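Have a look at the structure below before the remarks.
The values are calculated or read from the model by the stated rules, or taken from the named source; none is laboratory data. Quick caveat: nothing in here was measured; it's all calculated off a predicted structure. In this analysis, Cβ positions are derived from the backbone assuming ideal geometry, glycine residues included, and neighbour counts consider all displayed protein chains.
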Amino acid sequence: MIQCINFPISTYSIAPYGSWNRLNELIRDLGLDGIEGISDPGSLDPEFPAAMLAGYHMVFYPDWLDFYRQNIPQLLRKFGSMEMVERFYRGTEPEDLMRQFRDDLSLAVSMKTPYVVFHVSDISIEEGYTYRWLHTDREVLDGAIEFINELLRGVEPDFDFLVENQWWPGFTFTDPEKTEYLLSGIDYPRVGIMLDTGHLMNTNTRIRTQSEGIDYILKMIRMHGELKRSIKGMHFHQSISGGYVRKNTGKIPADMPSDYFEAFSVNYPHIQKIDRHHPWTDPNCVRILDEVCPAYLTHELSSGPHRSQLTAVKRQLNAIRRGQDST
């Protein structure tokens with residue numbers, strides 16, 4: 001099993017560590033194999049050593065389907081003007097979006113990544129507060145299948161292409177028929193799933209403890225039967241946020257800025273409070289790994305004012321080891 005941490009391939013992200021070699025030493029000391037990189041085109045570090053890349057997370061736009069389908073009335077309603085649309089998407093046509101993904105995929109391929117991760121969801125700022133969806137799962141799945149097949153057309157199958165679940169409309173890993181629909185619709189021989197355990201927990205706001213989260217994740221995996229063989233990787237973390245969701249969703253805040261980029265900035269910490277990316281500390285989390293035996297395991301954990309990312313990784317690795325020792 002290849003184990004890594006999530007980490008941007010950027011000059012600003014590596015600065016606190018001094019160098020990629022130093023970060024690599026710290027990662028190796030933890031027994032990990034590298035990073036699951038994600039690119040920031042505006043700050044891509046040319047000094048990044050490709051040998052550190054254990055996997056690659058593709059660029060993503062949380063709200064993309066209306067742009068891809070060129071639903072101009074919805075775009076104008078959400079963004080206020082086509083000028084704002086162009087600023088956000090760096091273009092005005094679907095091909096402008098596709099070009100960004102193609103460039104991103106080319107970068108990943110050039111670094112010989114073992115896998116790439118692709119989000120299959122669609123969520124606008126307003127939906128993140130109202131929890132009233134503008135698109136159905138099927139609409140998002142159909143759009144994603146179409147987009148992915150065009151993206152991968154003519155691409156050599158030298159890597160695993162892994163679709164990641166969210167708790168927004170699209171791929172949630174809560175319905176085996178929809179999971180099968182997505183996987184069977186992608187025309188690529190090495191398609192699979194990157195199961196995000198925290199995102200899966202976010203689909204059930206009744207979860208109150210890590211133990212309940214573990215049971216729920218195992219229930220969803222077992223409900224998928226043979227489809228669980230398609231789980232090639234895991235983004236491993238836990239997220240218990242049902243109480244926050246119940247108190248802070250249902251309507252758009254009265255003081256939400258009218259400027260799209262200001263609203264986007266305000267929205268980000270709200271999403272972080274839903275999607276916690278906290279380390280597992282219950283050793284029974286190892287049951288999830290034992291159930292799937294993934295080829296790739298990303299410790300996708302967030303840092304905070306009182307917890308660095310690597311400190312969080314250590315806590316999670318300790319929980320896994322305690323779970324293994326007790327079996």
So which residues in the range 244-265 are assigned to a helix (DSSP H, G or I) and in contact (Cβ under 8 Å) with a residue 12 or more places away in the chain? Tyr244, Val245, Arg246, Asn248, Tyr260, Phe261, Ala263, Phe264
Flagged pairs (Cβ under 8 angstrom, 6 or more apart or on separate chains; first in the range 206-217, touching a residue at least 40 places away in the same chain (Cβ under 8 Å) and under 9 Å from Cys285 (Cα atoms); second assigned to a loop (DSSP other than H, G, I, E, B) and not aliphatic (A, V, I, L, M)) are Gln210/Trp280; Gln210/Thr281; Gln210/Asp282; Ser211/Asp282; Ile214/Asp282
Considering only strands (runs of 3 or more DSSP E) fully contained in the range 1-80, which possess at least 2 residues that are closer than 29 Å to Leu289 by Cβ, at pLDDT 95 or above and β-branched (Val, Ile, Thr)? 2-9, 34-39
Since Ile231 meets every condition but one in (1) out of contact with any strand residue (DSSP E or B) (no Cβ under 9 Å at 6 or more places or on another chain); (2) touching a residue at least 40 places away in the same chain (Cβ under 8 Å); (3) among the β-branched types (Val, Ile, Thr), which condition does it not meet? (1)
Yes/no for Phe147 being surrounded by fewer than 22 Cβ atoms within 10 Å (Cβ to Cβ), touching a residue at least 60 places away in the same chain (Cβ under 8 Å), in contact with a helix residue (DSSP H, G or I) (Cβ under 9 Å, 6 or more places away or on another chain) and not polar (S, T, N, Q): yes
